[in-house]
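The values are calculated or read from the model by the stated rules, or taken from the named source; none is laboratory data. Note that the structure is a prediction, hence the values are computed from the model and not measured. Note that we place each Cβ from the backbone using ideal geometry, even for glycine, and neighbour counts take in every protein chain shown.
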Amino acid sequence: MRVSVVHSSEINIRKCYAEIREKLDLVDFKPNVVMLFLTESTWMFWKAFNELLQKRFPEAQMLGIVIEGYVLTRTIHTRGVCILLMEYDGDVRVFHEKGKGATKTAENLGSKIGRGWDLIVLAFPAIYFPGKLRLGITFFNDRRFYGKFQKVNETERMKIMEKYSEYLDRTNSVYPMNRTLRILARKTGGDTPIVGLNLLPLQAATSTPFILANYRFVSPGAAALCFKGRINAYYSDIFPERGKSYEETLEIIKGRLANVEDVRVTKKGLVIGEINGIKPVDFLLEKVKGYEQLSEEELKKLLDEGKLQTFTPYGVGFVSEKTFGFTVIGLYPYPINFYPVLFELDYFHDEGIFCGEHYKGGVKQLVRTFENAKEDSEFHFFIIDSQSIFSFGRSLFQIFDVIKLYSRNYFGIMLQSPPFYNPKPSNFMSEIEKGIHYFAAGSTVLIEFMRK
């Protein structure tokens, strides 16, 4: 297996493109895998880089996404372009599916992938931010459904939230982590690890996030890079093991999170209707002084400028009814009534906790998954939680003190906390369904390519 990482951190797009082109000229092998990673400073020029790679490597299996940053040897970059080129020894193939509703997309993609793979890397939008027309329709439906929600009894409220969740699914607005991985795992036999590249930019723009699959634009949809051969995948989060009961998990998690408060949540499907009897955003504004709710026009303007913030230190956490695992959804003062959630809520207790900070503990815990690395490994590719940029600042560079103990040849990207499906049992706090792991912050996935 041969690997090359081609990158440029140039802010000037012409210089960046020229540097990438020159470095591609020096690649002395024919890759069968091409992964294009664009950042905030370059994603709007994706067509130029996509065409360049297609001309150079037309037969390669290709996947392209937007990331928050990338990790090279002893350096971390948040600007420019990075391309991972691999001459993989085993079988590899990219599959994609576009725009038939989130659930239908996952089902169709899973059927295309089929069984027999050793690892699946799945790219999908956690939330898709549409153009102005679709966004206006979504705001209208949010008001319409919520108006009905406020006037009916508890049973009817559940039905309304379920219908609104179906609308969000049908319009590709939300690809819930647990449902998406659950469907893919079932369709592909249940014995193949799935690494999720759930795309949610820290600063969102109109018609993002987007995905490229074999040089095609497939948003709003999903794509999978599938490997067969000597390859491993490992997952870790920064928390202790989950409890063996609802009460035990809450006791553990309250010792790790800051500013914790018990809350009662009215929820169904993909949305939260109320927290402690009021709208979710009103609850947030009541708890966090200084926050102001965005107007619809302000949100649209920020999306047009590519500056809509999605990162927040505040959130509501839930304990899983199936595993007693725990996860969190961030809260931000958007101009909405129903609050959409990145995972399907029906598998969690209605009692939750409001918390103001997701991290307690050392930065080195963030990459403890490298402790699983094998001695006969050849290359490591890892996905690290992008919110760690804010949580750890410059101390994030301490991850290299751990990585150097286990790997000499590695490359990493920074994304919204990666979900993971593992067919093998585990006791991670973030295992929210059997085999399915997700937490809003502090997760890392390591993909290990072994010597042939």
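Does the stretch 438-449 include one or more residues that are touching a strand residue (DSSP E or B) at 6+ places or on another chain (Cβ under 7 Å) and charged (D, E, K, R)? Looking for residues that are touching a strand residue (DSSP E or B) at 6+ places or on another chain (Cβ under 7 Å) and charged (D, E, K, R), one finds at least one in the stretch 438-449, hence yes.
Taken as a whole, the structure leaves GLN61 outside the set of residues that are more than 22 Å from the chain's Cα centre (by Cα) and modelled with pLDDT of 95 or more. Would you confirm whether any residue within the stretch 412-424 is out of contact with any strand residue (DSSP E or B) (no Cβ under 6 Å at 6 or more places or on another chain), surrounded by fewer than 19 Cβ atoms within 10 Å (Cβ to Cβ) and closer than 30 Å to ARG157 by Cβ? No, the conditions are met nowhere in the stretch 412-424. For LYS163, the conditions (1) surrounded by fewer than 23 Cβ atoms within 10 Å (Cβ to Cβ); (2) within 17 Å of the chain's Cα centre (by Cα) all hold with the exception of (2). Residues that are at pLDDT 95 or above and closer than 30 Å to LEU405 by Cβ are absent from the stretch 102-116. When the criteria are applied in full, VAL81 meets the requirement of being surrounded by 17 or more Cβ atoms within 10 Å (Cβ to Cβ) and β-branched (Val, Ile, Thr). In the stretch 14-32 there is at least one residue matching the filter, namely being within 27 Å of ILE113 (Cα to Cα) and in contact (Cβ under 8 Å) with a residue 60 or more places away in the chain. The number of residues in the stretch 397-452 being of a type in the set (A, V, I, L, M), part of a loop (DSSP other than H, G, I, E, B) and closer than 24 Å to THR73 by Cα comes to 1. When the stretch 184-220 is filtered for residues that are surrounded by 23 or more Cβ atoms within 10 Å (Cβ to Cβ) and out of contact with any strand residue (DSSP E or B) (no Cβ under 9 Å at 6 or more places or on another chain), nothing remains. Any residue that is in contact with a Leu (Cβ under 9 Å, 6 or more places away or on another chain) and buried (at least 17 other Cβ atoms within 10 Å of the Cβ) - is there at least one of those in the stretch 150-158? Scanning the stretch 150-158, I find no residue that is in contact with a Leu (Cβ under 9 Å, 6 or more places away or on another chain) and buried (at least 17 other Cβ atoms within 10 Å of the Cβ), so the answer is no. Scanning the stretch 375-396 for residues being out of contact with any helix residue (DSSP H, G or I) (no Cβ under 9 Å at 6 or more places or on another chain) and either over 16 Å from SER443 (Cα atoms) or part of a loop (DSSP other than H, G, I, E, B) (or both) gives a total of 8.
For the stretch 77-85, state whether one or more residues are more than 29 Å from PHE390 (Cα to Cα) and of a type in the set (Ser, Thr, Tyr). Within the stretch 77-85, not a single residue is more than 29 Å from PHE390 (Cα to Cα) and of a type in the set (Ser, Thr, Tyr). Among the residues making up the stretch 158-216, those that are out of contact with any helix residue (DSSP H, G or I) (no Cβ under 9 Å at 6 or more places or on another chain), assigned by TED's automatic domain parsing to the domain that holds LEU415 and either of a type in the set (Val, Ile, Thr) or free of Cβ contacts under 8 Å to residues at least 40 places away in the same chain (or both) are VAL195, ILE211.
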